[in-house]
Amino acid sequence: MEVCDIHRWDVSVAEAVEIQRGLAGRVVRSGRLDAVELIAGVDISGANSDGMSRGAIVLLQYPSMEVVERSVVTMKVEFPYVPGLLSFREMPLILAACKQLSTTPDLFIADGQGIAHPRRLGLAAHLGLVLDMPTIGCAKSVLCGTHGDLGEERGDQVSLVDKGEIVGAALRTKRRVKPVYVSIGHRIDLDEACRWVLACCRGYRLPEPTRLAHQSASGGNC
């Protein structure tokens, strides 16, 4: 899979913030996906004491959710751990894993935020812009924003709002289990993003693409 970097990665914290602000307006917050055959899940492991981290992309056939391809890369992370700037720490790993894929997926689901981010450019949105591909952020926790009461049934959802703007949705993927937090990454709208996250769930809280990517990034077997 070809990757085209749209900026340098060896930047300071201040430069990273300015890059985010400049890129956020380029995110396409609309789009529908009619013919999806391959979905990629993306996740990163935490760095160890030597600063080494593992990035994983697992490519699945839709709707069977059978694993088609897996790309795992281990390398040292250079950018410091700064909340809100994790994409600058993690994207070099993800892009290295992308370059090893022999097939280009139709959709990426990342374990992280899309526009549900203080500067509206979380990992999934950043990845979508770099790849110019449809991407969805599916996070396990809230980075910014609040939401109202959420129903207990699978498929229940409620808007996640930050500073008066809808930036995502709390989505119940399994009855009476903690929700996930879905947001637009790039080239998809929020309702469509929620629909695809639900469509990829197979009895677990997390959709299969990111669940299996997490296993691979953590060194487990899928």
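Each reported figure results from applying straightforward, stated rules to the coordinates on display, with no laboratory input. The model shown is predicted, which means the values in this text are computed figures rather than measured ones. With ideal geometry, Cβ positions are generated from the backbone for all residues, glycine too; neighbour counts draw on all protein chains shown.
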Mean separation of Cα contacts under 8 Å (6+ apart) over length of the chain, as relative contact order %: 23 percent
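Could you give the dipole magnitude of segment 165-217 about its Cα centre, charging the beta-carbon of Lys and Arg +1 and that of Asp and Glu -1, in debye to the nearest 20? Could the numbers behind the result be given before it?
Details: 10 positive and 5 negative charges, 95 e Å.
Dipole about the Cα centre, nearest 20: 460 debye.
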Hydrodynamic radius by Kirkwood, which averages 1/r over all alpha carbon pairs of the chain, in angstrom: 17.1 Å
Estimated [θ] at 222 nm from DSSP helical runs (n ≥ 4, -39500 (n - 2.57)) normalised by residues in the chain, nearest 500: -7500 deg cm²/dmol
Beta bridge orientation in the chain: antiparallel %, DSSP, nearest 5: 80 percent
Calculated SAXS-style log₁₀ I(q)/I(0) at q = 0.13, 0.14, 0.21, 0.22 Å⁻¹ - segment 162-222, Debye, Cα scatterers: -0.40, -0.45, -0.88, -0.94
Reachable lysines from K178, criterion Cα separation under 26 angstrom, eight or more residues apart if same chain: K140, K163
Separation of alpha-carbon centers, segment 165-222 and segment 36-79, rounded to whole Å: 15 Å
Angstrom value of the Kirkwood radius, inverse mean 1/r, which spans all Cα pairs in segment 90-222: 14.8 Å
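How many percent of DSSP beta bridges within segment 74-180 run antiparallel, rounded to 5? Working shown, then result.
Working: 8 of 11 bridges.
Among the beta bridges of segment 74-180, antiparallel pairing accounts for roughly 75 percent.
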Ranked packing of 148-159, 109-120, most packed first, by mean Cβ within 10 Å: 109-120, 148-159
Most positive-pole-ward Cα, L198, A170, L101, against dipole of the chain from beta carbon charges: A170
Computed magnitude of the charge dipole of the chain (debye, nearest 20; Cβ of K, R +1, Cβ of D, E -1): 480 debye
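In terms of the Cα gyration tensor, with a ≥ b ≥ c the square roots of its eigenvalues, is segment 27-101 rounded because a/c is under 1.5, prolate because a/b exceeds b/c, or oblate? Please report the intermediate quantities before stating the final value.
On the way: a/c = 2.97, a/b = 1.58, b/c = 1.88.
It is oblate, given that a/c is not under 1.5 and a/b is not larger than b/c.
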